[in-house]
Amino acid sequence: MKEKTMQRHFAAAAVLALLGGLAPLAAQAEGHYVPGVEGIQGSSVPPPGFYYLGYLVHYDINHFRAPGSSSNLPGSNTGSVTALANRFVWMTGQKLLGADYGVEAIVPVLRTSLDIGAAAITDRHTGVGDVYLGPLVLGWHGTQWDAVAAAGVWLDNGSTSRPASPGKGFKSTMLTGGMTYYFDSAKSISGSALMRFERNGKMDNGFRHGNQATIEWGLGKTFGPVQAGIVGYSQWQTSNDSGPFASTNKSSRHALGAEVAYPLAPGTVLKGALYKELRAEAGTGPQPKGTLLRMTLLKAF
C-alpha cells in the first residue's frame, strides 16, 4: 500500500514540476523552474527601473512517460496546468562587477487538473505556488551583446496536501547565466541562450530529486515594431535521485517553438510563444510530455 501511494504521488508531482514557480514529486528532470518562459533575447536584462512581467502559461499534457523510459504509461493519462507567474524586477541603477545590479521575486498562482488513469488520480486545485527570491541579478551590455548572471532561492511555501497542490515540498537554489548576441549594428537580428541550474533540497520523507539544468534559446528578427523568431528548450536531470524509491534513471525533455513580440505602448510589450515537446524521457517517476502556450506581458514603471 505504501509503494502504491508513493507511485501516485510521484505521477501527480511530475505534472506540478512543469509550472512551479514560473509552474511547479516524481524524480525526473525535476525542479522549480519551468522551461519555455523565456525565449528571444532571454538573456538581456533591462536598464535601471522597476518592471513587472506576467507570464501566463498553459501546459497541455498529452502523455506521461513511464519511469526509466521514453514509452508512455498505459491507458489514458492526461492533465493540464495553467499558471500566472508574477515576476517583479528592480534594476537599482547601482553597479557590481561592472554590471547593472538588481533584485527580483516571482509569485506564481496555479490551476492544475489531473486525470491519470495509471495512478488512479483525478484532481483539480488552484493555489499559490512556491515563491522565488533573487537577491542577485547582474546585467552587462556591450555594443552588440548582453549578458546576465543571477542567483536565488525557491522557497517551499506552497501547499502539498493534494495531488494537484501547487507546492513542491522542497527548497531549491538556482543559478543563472546567459548571453544575447546581435548580428548587426541595428540589433535587428539576435541569438540568445539562457542556462538555469537548480540544486534541489530534500523533501520531508528524505527523498531528494536530482539536480536540474535547463537551456532556453531563441533566434529573432525584427520587422518594424514586431519581433519574431524560433525558440526552444532542453532540460536534463544532471545527478541521481536519492532516498526512498530513488533510481539511477535520469529524465530529460526537449521542445521547439515560435515566438512573436509586439509593443503595445511605450514601456509595454506583449509576447506570445507556442512550444511542442519533441522528446521526453522519464527518470524515477513519470515524465509529462505535451505542448506549452505562453503569453508574457512586460510593463516598465
Report task. Just give me the residues in segment 145-200 being of a type in the set (S, T, Y) and farther than 18 Å from P135 by Cβ, in sequence order. Result -> S159, T160, S161, S165, T180, Y181, Y182, S185, S188, S190, S192
Query raised in the report: Has segment 96-105 got any residue that is surrounded by fewer than 17 Cβ atoms within 10 Å (Cβ to Cβ), modelled with pLDDT under 95 and not aliphatic (A, V, I, L, M)?
Result: no
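Would it be correct to say that R199 is of a type in the set (K, R), crowded, with 23+ Cβ neighbours inside 10 Å and either part of a strand (DSSP E or B) or out of contact with any strand residue (DSSP E or B) (no Cβ under 6 Å at 6 or more places or on another chain) (or both)? Full working, then the answer.
Numbers: of a type in the set (K, R): yes; crowded, with 23+ Cβ neighbours inside 10 Å: no; either part of a strand (DSSP E or B) or out of contact with any strand residue (DSSP E or B) (no Cβ under 6 Å at 6 or more places or on another chain) (or both): yes.
Judged against the criteria, R199 is not a match.
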Report task. Scan A193, A246, A186 and give me the residue that is more than 21 Å from the chain's Cα centre (by Cα), closer than 24 Å to A280 by Cα and of a type in the set (A, V, I, L, M). Result -> A246
Report task. Might you let me know whether segment 31-41 holds any residue that is at pLDDT below 95, of a type in the set (S, T, Y) and farther than 16 Å from G158 by Cα? Result -> no
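Examine segment 271-286 for a residue that is β-branched (V, I, T) and either over 15 Å from G36 (Cα atoms) or touching a His at 6+ places or on another chain (Cβ under 8 Å) (or both), and state whether such a residue exists. Outline the logic, then answer.
Taking segment 271-286 as the starting set, the residues that turn out to be β-branched (V, I, T) are 284.
Add one more test, that the residue is either over 15 Å from G36 (Cα atoms) or touching a His at 6+ places or on another chain (Cβ under 8 Å) (or both), and what stays is 284.
The answer is yes, given that some residue of segment 271-286 is β-branched (V, I, T) and either over 15 Å from G36 (Cα atoms) or touching a His at 6+ places or on another chain (Cβ under 8 Å) (or both).
From the list G178, G169, G191, which residue is in contact with a Leu (Cβ under 6 Å, 6 or more places away or on another chain) and in a loop (DSSP other than H, G, I, E, B)?
Numbers: G178 fails: in a loop (DSSP other than H, G, I, E, B); G191 fails: in a loop (DSSP other than H, G, I, E, B).
On inspection, the qualifying residue turns out to be G169.
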Requested in this report: Report whether or not A23 is part of a loop (DSSP other than H, G, I, E, B), modelled with pLDDT under 50 and small (G, A, S).
Outcome: yes
Requested in this report: Report the residue count in segment 234-275 for those that are within 25 Å of P46 (Cα to Cα) and of a type in the set (K, R).
Outcome: 1
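Please tell me if S172 is among the polar types (S, T, N, Q), surrounded by 22 or more Cβ atoms within 10 Å (Cβ to Cβ), modelled with pLDDT of 95 or more and at negative phi.
Values: among the polar types (S, T, N, Q): yes; surrounded by 22 or more Cβ atoms within 10 Å (Cβ to Cβ): yes; modelled with pLDDT of 95 or more: yes; at negative phi: yes.
Here the answer is yes, as S172 does meet what is asked.
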Report task. Can you run down the residue pairs with Cβ atoms below 7 Å, 6 or more apart or on separate chains, where the first is in segment 220-237 and farther than 13 Å from S192 by Cβ and the partner is in a strand (DSSP E or B) and aromatic (F, W, Y)? Result -> P225/Y262; V226/Y262
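So which of T5, T92 ends up being among the polar types (S, T, N, Q) and modelled with pLDDT of 50 or more? Walk me through how you get there before you give the answer.
Numbers: T5 fails: modelled with pLDDT of 50 or more.
It is T92.
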Query raised in the report: Which one of A151, A164, A120 is farther than 19 Å from R294 by Cα and buried (at least 16 other Cβ atoms within 10 Å of the Cβ)?
Result: A164
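The values are calculated or read from the model by the stated rules, or taken from the named source; none is laboratory data. Just so you know, these numbers come straight off a predicted model, no measurement behind them. Because the Cβ atoms are built from the backbone with ideal geometry, glycine has one as well, and the counts that use them run over all protein chains shown.
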